[in-house]
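See structure below.
The values are calculated or read from the model by the stated rules, or taken from the named source; none is laboratory data. Remember, predicted model here, so these are calculated numbers, not experimental data. Because the Cβ atoms are built from the backbone with ideal geometry, glycine has one as well, and the counts that use them run over all protein chains shown. Only protein heavy atoms, including side chains, enter the accessible area calculation; ligands, DNA and RNA are left aside. Shrake-Rupley method; radii C 1.70, N 1.55, O 1.52, S 1.80 Å.
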Amino acid sequence: MPKISIGEPPAEEQDRFEVIEKDGIKIFYSPRLKIKEGYHGKIGIKLRKLLFLKWLELVE
């Protein structure tokens, strides 16, 4: 399972990532990330919240 977290990677590590922007949100991801051959679904990232805690989840 890929690691996901809130916030940008440190400036000295940002060149190791690909970046896309969606609705004003920057998404940094590894260029080694591959989608399984034949997979036609969608992969999403959802922000979850509970009281003062926030975390990201990968969803289909």
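Structure above, values below:
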{"item": "Looking only at segment 10-20, and only at residues there that are outside any strand (DSSP E or B) and of a type in the set (A, V, I, L, M, F, W, C), the one that is most open to solvent (accessible area, probe 1.4 Å)", "result": "Ala11"}
{"item": "Residue that is modelled with the highest pLDDT, among those in segment 21-45 that are surrounded by fewer than 10 Cβ atoms within 10 Å (Cβ to Cβ) and in a strand (DSSP E or B)", "result": "Glu21"}
{"item": "Segment 47-60: number of residues that are under 11 Å from Ile4 (Cβ atoms) and either open to solvent by 90 Å² or more (accessible area, probe 1.4 Å) or not in a strand (DSSP E or B) (or both)", "result": "1"}
